[in-house]
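Have a look at the structure below, then the notes.
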Amino acid sequence: MKITIRRIPVVAALVCFCLPLVSCGTEHAGARAVGASGPGSSTADETSDDQSLPDTTTDDQSLPDETSDDQTLPDTTSDDQQDPGPPMGDTTDDDGGVPTAGPHRWFPMLREFRAYLTTNAPEADAAIATHVTSVYIRTPAGSTRAMAVVRVDYGVMEQEDADHTAKVFAHWRDSLYGDHGHVDVLGPAKTNAQQDW
């Protein structure tokens, strides 16, 4: 009996110590009984960083970066932008078209006009260069007057700028080339200006 009595306090201490450990091991971390709620419930933890939702705050997303300079948007200020091509619809030829070769075809002059605007024109006119998208000029067969078409990106509310562009172009042709003709300045939304020189 003496041996058994000595072991009772030790067995009692072990039972008291192990009982909480055994009860802790009956659940998996993050799991609870059906219908239970609280911090350890089986519903998704929406505050942790290890969710399977995409991280929308990082810089390595697969979405396009709309703030970088290497976008595929058209560059409307450079000389190498997509040229819409020469005007069409002039019926001075027998076949009703505009010649694509020879002295009466449309000649591109965008670079020359922009060079004038940025180097020789008055400083107030230099800003026009960024708005001019194409320049074509030709002298129709049987005529001594040139025809020019200048395309700009001025909108409806910028009619005065289109009118000013026509005047500057006419002055450029008259002062540098000494010829005579007519220029149409065309912009989006039916913006149109004309000038003779």
Practice task
Determine the dipole magnitude for the range 123-190: charges of +1 sit on the beta-carbon of Lys and Arg, -1 on that of Asp and Glu, nothing else is charged, the reference point is the Cα centre, and the result goes in debye to the nearest 20.
Solution key: 400 debye
Practice task
Would you pull out the residues with amide H under 5 Å of Asp184's amide H, same chain only if 5 or more places away, H placed 1.01 Å from N?
Solution key: Ala148, Val149, Val150
Exercise for the section: Report, by chain and number, residues whose modeled amide H sits under 5 Å from the one on Gly155, excluding near sequence neighbours (fewer than 5 apart, same chain). Expected result: none
Handout entry: Two-site label geometry, Ala189 and Ala126: point separation in nm, points 7 Å out along Cα→Cβ
Key = 2.9 nm
Practice task
Using the Karplus curve 6.51 cos²θ - 1.76 cosθ + 1.60 with θ = phi - 60°, work out ³J(HN,Hα) for each residue of the range 130-141 in order, rounded to whole Hz, and write x for Gly and Pro.
Solution key: 6, 9, 7, 9, 7, 9, 10, 9, 8, 10, x, 4
Problem - Derived scalar couplings ³J(HN,Hα) [the range 172-182; Karplus, 6.51 cos²θ - 1.76 cosθ + 1.60; whole Hz; x for Gly, Pro] - result: 4, 5, 5, 6, 8, 9, x, 9, 10, x, 9
Completion exercise
Net charge (Lys, Arg +1; Asp, Glu -1) of residues whose beta-carbon lies under 12 Å from that of His164, His164 excluded, is -4
Exercise for the section: Rank-order 109-117, 139-147 by packing density, defined as the average count of other C-beta atoms within 10 Å over each peptide's residues, highest first. Expected result: 109-117, 139-147
Exercise for the section: Rounded to the nearest 0.05, what FRET efficiency do Met157 and Arg111 give with R0 = 30 Å and r taken as the Cβ-Cβ distance? Could you check? Expected result: 0.60
Exercise for the section: Please list the non-local residues whose amide H lies under 5 Å from the amide H of Met109, H modeled 1.01 Å from N, same-chain partners needing a gap of 5 or more. Expected result: Val135, Tyr136, Ile137
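We did not get these values from a lab; they are worked out from the coordinates using the rules stated. Everything numeric in this text was worked out from a predicted model, so none of it was measured. Glycine gets a Cβ as well: all are built from the backbone with ideal geometry, and neighbour counts include every protein chain shown.
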